[in-house]
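Visitor: This is the structure I have questions about; it appears just below.
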Amino acid sequence: MRPRTAGTFLAGCLVVAGEGAPALSKQKLPDSIIEDLESPDRSRQDNAMSRIRSYHLRDVADAFMDYAEDSEPGIRVLMVQMLGDLGGPEAVPYLQKMFKKDGDARVRRTILTYLAGQLARDDIFRLFLKAGGRDPDGDLRYVCLAQLALARRSKQRHQEVRKLLRRAWKREAVPANRTLAAVLLTDIGEGDSDFWEEILDAVTSPSLDLRRRAAAVAGEVRLSRTFDRLLAAARDPDGEVRANVCLSLARWKELGSIPVLRSLAGDPEPYVRRAALLSLARYPSGSVGLGIFLDALGDADPPVRLGAVQGLQTLGDLGALAGLERAASDPDAKVREAARKAVESLEKIKK
């Protein structure tokens, strides 16, 4: 007997065609489809997927559900991916059922990846709330907490997420989840001084996700060591961490951070350069100078040039008019429009 593989699994599930689907053998899919699905070549996999799309989601999903209980976890992960890709919102009920039935953490995390796009639905929001507080897998609880912090579209939801995060801060057995709760509470405006030490430690956490998140909110931490910790994080190997440090330094507004921000304005990553410019614009123009912004108007990356224009408008220094007038002819439409508005804004000051 041939061992179960992704191809033979799909062969068993997809032979039941819906109305209008091509009539295939009830024994197996054509060998070419199976071979393409099992191939490491992404183009061949995509070709197989395009052929599979001719089958009805309901028939495919029903077959998946029958097969799920006795299949290998790796195949169930593939099952989830295919249902999510093929069905979109229509696959949600099937994915919910699979989430409740499946005991494998990797399969359940894959399901959540697809369901996260449906958090606007109340039933999915409830599923994430429950899993974020009770699921036995710590990594899965982490995912739920992070996603729920983005799903606060009403006062009621905000309060429910806040309650869950507070509970996680007090009771979480996994340190990373406890720290995440502190960071997220601060990010949604529910932070307090009890979190400060935890957040500063997270700025240098081994977890990249935690470092990124903590660097973005560390500017709210009012401890003597905050500034030094942010300066150290400005050298983080990850660009997103460095960009978030720029924003936190601007909130801290320590004049000693200006040299660091000026250095980051020359960072290899465009989004770091842009963040540094926008942060520098929050300091008095006399302490920063216009030169770094005017030079950035010639940056090779359009978003950086846009940041320079926005920074100059924020500073409101009439000495920037000539540079902004030149930027009004920038090759990028967004830069041109922003420069035009900045010129109008400075002209009003001039009058």
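Visitor: Just give me the residues in segment 207-229 being modelled with pLDDT under 95 and either assigned to a helix (DSSP H, G or I) or under 21 Å from the mean Cα position of the chain (by Cα) (or both), in sequence order.
Guide: Gly219, Glu220, Thr226, Phe227, Asp228, Arg229
Visitor: Have a look at Gln96, Gln147 and point out the one that is closer than 27 Å to Asp194 by Cβ and modelled with pLDDT of 90 or more.
Guide: After applying the criteria, what remains is Gln147.
Visitor: Could I ask something else about it? Restricting to segment 246-280, give me the number of residues that are buried (at least 19 other Cβ atoms within 10 Å of the Cβ), at pLDDT 95 or above and small (Gly, Ala, Ser).
Guide: The number of residues fulfilling the criteria is 5.
Visitor: Would you mind stating whether Ser285 is open to solvent by 10 Å² or more (accessible area, probe 1.4 Å), hydroxyl-bearing (Ser, Thr, Tyr) and in contact with a helix residue (DSSP H, G or I) (Cβ under 7 Å, 6 or more places away or on another chain)?
Guide: yes
Visitor: Applying the selection to segment 223-264, what residues are hydroxyl-bearing (Ser, Thr, Tyr) and farther than 16 Å from Ser205 by Cβ?
Guide: Hits for segment 223-264 are Ser224, Ser257, Ser263.
Visitor: What number goes with the only condition from (1) free of Cβ contacts under 8 Å to residues at least 24 places away in the same chain; (2) crowded, with 19+ Cβ neighbours inside 10 Å; (3) more than 29 Å from Ala338 (Cβ to Cβ) that Arg235 does not pass?
Guide: With (1) free of Cβ contacts under 8 Å to residues at least 24 places away in the same chain; (2) crowded, with 19+ Cβ neighbours inside 10 Å; (3) more than 29 Å from Ala338 (Cβ to Cβ) applied to Arg235, the lone miss is (2).
Visitor: Still on this structure: Looking at segment 140-192, which of the residues that are touching an Asp or Glu at 6+ places or on another chain (Cβ under 7 Å) and open to solvent by 50 Å² or more (accessible area, probe 1.4 Å) is farthest from Ser207 (Cα to Cα)?
Guide: Arg162
The values are calculated or read from the model by the stated rules, or taken from the named source; none is laboratory data. The structure presented is a predicted model; accordingly, all values stated were derived computationally and were not measured. For neighbour counting, all protein chains shown are included, and Cβ atoms are generated from backbone atoms with ideal geometry for every residue, glycine included. In case anyone asks, the SASA skips ligands and DNA or RNA and just uses the protein heavy atoms, side chains included. Shrake-Rupley method; radii C 1.70, N 1.55, O 1.52, S 1.80 Å.
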